[in-house]
Amino acid sequence: MTWRTLGRWIVALAATLTVSSANAHTRSESHSTWLVDGSSVHLTFSVSDLEARRLTRDGRPPNSPQLIAYLSPRVGASADGKACEIAGKPRSVAAVAGYRRVEFFYDCTSSEGIVLRDSAFFELVPTHVNLAQIQTASGDFAEDVLTAGSQTIDMSRAQGGEIAGAGFLTFVKMGLMHIFTGVDHMSFLLGLVLISRRFKDLVFVVTGFTIGHSLTLALAVTGIIRPHAEFIDALVALTIALIGIENLAVQIHRPALFALWTAGALFAMAALKLLGIGLLPVALLLGAGLFASNYLMVAGHVRDAGRLRLVVTLIFGLIHGFGFAADLLNEAIPPAKLAELLVGFNLGVEIGQLTIVTTLVGALTVLRRFSLTLPRPIVVDVCASLLILEGAYWFVSRSFNFA
């Protein structure tokens, strides 16, 4: 068994598990910003429309009263063990495209022993995380990650006037979580292994992917570019489908056929958009169709496509970089924290990627020792087809806003 075959086998397993739940958002996350001013607490809770759909039976995003009714008993603060009283009515406020934002105000009986609490969405998705920012009136800032097993932030941990909590390691952890809890990103990374015939090819594709996502992550988080989150989610899914399509095109030596069908499907979606059906802009769909068709034609006729894939995966990395940044764009990161966040987050992403690749190589060594093999043509066809199914389903569902 070659290490390429092992990669395909693992992709098949991953795709089989994920396609059955492809109607779920691939990462379950929310955001909270807490401003603690003496005995007063101001909470701004943000959640994506895709995530908020979990709260309704018909799969549509809840309206503002429904979202507020769900959040009210699940978020709050306490001081010295006594729950803080809510001040005024919670209200919805403006948020970036694709997100909902709700404000809560609390009056506590004391400024001592304040504990912030958030249990929203954890009963729906045990792996849900909340990226929390905490600020004080004096300007101190920290960021923390709330999980099902850690749903509170104890302000009494502050020492010397500074809030305990988030630092470089927290941002590294966030990068790791984006790889290991983002099924779409992990599927794409496994797809990179699938298309790499040699270890040198894998080096090329991972390098291109790393450069691409690092660049756009920096551009997005610093505010230079602000992409539409719903567009990026759809394009990430398209990259997964394209990797599967490339494998089949190369395997059966029919790149022109696959290029024609792929471009035709994207152009058809552009035509539907002209009729008012769909979310993605016409120009984006036409551009994606031209890129995909040319990419498949070139990849199908280049004998050594390793260096070509360095460029292509760099482009894919640009898209995934915006996907990594999407969950950070809703937060006001202080300028002094930007460098620490970017370096730590990128490091976490790279550790996650290397862990996956290392695991594949280690598993390959074991399988080789026991002479376990799989018929290569069957593995290629089945695994590539599953990647296409997974990516196409996500792309269409996200493009037409029904998943």
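How much FRET efficiency would the formula 1/(1 + (r/R0)^6) give for residue 97 and residue 256, where r is the Cβ-Cβ distance and R0 is 30 Å, rounded to 0.05? Show your work: numbers first, answer last.
Values: r = 38 Å, r/R0 = 1.26.
Result of the calculation: an efficiency of 0.20.
Once label points are set 7 Å from the Cα along Cα→Cβ at both residue 168 and residue 200, what is their separation, rounded to one decimal in nm?
According to this spin-label approximation, the distance is 3.6 nm.
Rounded to the nearest 5, what % of DSSP beta bridges with both residues in region 29-165 are antiparallel?
85
Determine the equivalent ellipsoid of region 29-165 by diagonalising the alpha-carbon gyration tensor, then write out the semi-axes as square roots of 5 times the eigenvalues, largest first, rounded to whole Å. It would help to have the intermediate numbers written out before the result.
Details: eigenvalues 130, 48, 37 Å².
They are 25, 15, 14 Å, listed from largest to smallest.
Where in region 116-153 does the label zone of residue 338 land, with the point 7 angstrom along Cα→C-beta and an amide N cut-off under 18 Å?
Answer for region 116-153: 141-143.
Which distance in nm do the two modelled labels at residue 154 and residue 215 give, with both placed 7 Å along the Cα-to-Cβ direction?
With each label point 7 Å from Cα toward Cβ, the separation is 4.6 nm.
Take residue 37 and residue 226, extend 7 Å from each Cα along the Cα→Cβ direction, and tell me the distance between the two endpoints in nm.
2.4
We did not get these values from a lab; they are worked out from the coordinates using the rules stated. Just so you know, these numbers come straight off a predicted model, no measurement behind them. So basically every Cβ, Gly included, is an ideal-geometry build from the backbone, and we count neighbours across all protein chains shown.
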